[in-house]
1. Once you place label points 7 Å from the Cα toward the Cβ at Met1 and Val59, how far apart are they in nm?
2. Find which of Pro64, Val86, Ser17 sits farthest along the positive direction of the dipole of the range 14-99, computed with +1 on the beta-carbon of Lys and Arg, -1 on that of Asp and Glu, about the Cα centre.
3. Can you give the helix-only mean residue ellipticity at 222 nm for the chain, where every DSSP H stretch with n ≥ 4 adds -39500 (n - 2.57) and the sum goes over all residues, rounded to the nearest 500 deg cm²/dmol?
4. In percent, what relative contact order does the chain have, based on Cα pairs under 8 Å that are 6 or more apart in sequence?
5. What spacing in nm lies between the two simple spin-label points modelled at Glu78 and Val24, each 7 Å away from Cα in the Cβ direction?
6. When the dipole is taken about the Cα centre of the chain, and only Lys, Arg (+1) and Asp, Glu (-1) are charged at their Cβ, what size is it in debye, to the nearest 20?
7. For helix 18-36, report the angle its Cα long axis makes with the longest principal axis of the Cα atoms of the chain; keep it between 0 and 90° and round to the nearest 10°.
8. Looking at the calculated P(r) for the range 2-94, what percent of the C-alpha pair distances fall above 19 Å?
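Read the figures in this text as sums done on the coordinates, not as results from a lab. Keep in mind it's a predicted model, so treat the numbers as computed, not measured. Cβ: placed from backbone, ideal geometry, glycine included. Neighbour counts: every protein chain shown.
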Amino acid sequence: MIVGVVRIRLHLDGNHSLKGKRKVIKSILQQVSARFNCAASEVDLHDVWQSAEIGIATVGNDGPTINSALDKILDFIERNVQAEVVGSSLEMIHLGKEA
């Protein structure tokens with residue numbers, strides 16, 4: 001089993017409140033989860049108005065497929081006009097079978 005995880009740092013230009021930030025982030029997370037059938041959550045920078053860090057995870061048995069899915073998710077978020085991607089990191093975790 002392979003777990004693919006991507007952390008994405010976002011900048012929300014023009015946002016002036018935590019309430020506004022949460023609205024934008026919630027919308028992005030719901031769209032990503034529904035469209036790509038993956039787990040998505042805000043993972044850091046909870047109290048910063050114009051920045052957010054989200055984590056997205058997906059599971060499968062083929063590394064290239066997982067990598068491609070995460071690339072498509074990142075591309076989708078980069079095309080989102082509500083927030084600018086300012087950084088990202090991708091990690092693949094290979095879990096072996098237990099005896």
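1. Each label point is offset 7 Å from its Cα along the Cβ direction, giving 0.4 nm.
2. Most positive-ward Cα: Ser17.
3. Details: 2 runs with 35 residues, N = 99.
So the helix-based figure for the chain works out to -12000 deg cm²/dmol.
4. Working: 167 pairs, mean separation 47.9, N = 99.
Value for the chain: 48 percent.
5. Roughly 1.9 nm, to one decimal.
6. On the way: 11 positive and 12 negative charges, 80 e Å.
Value, rounded to 20: 380 debye.
7. Helix 18-36 and the main axis of the chain meet at about 30 degrees.
8. On the way: 1504 of 4278 pairs.
Result: 35 percent of Cα pairs exceed 19 Å.
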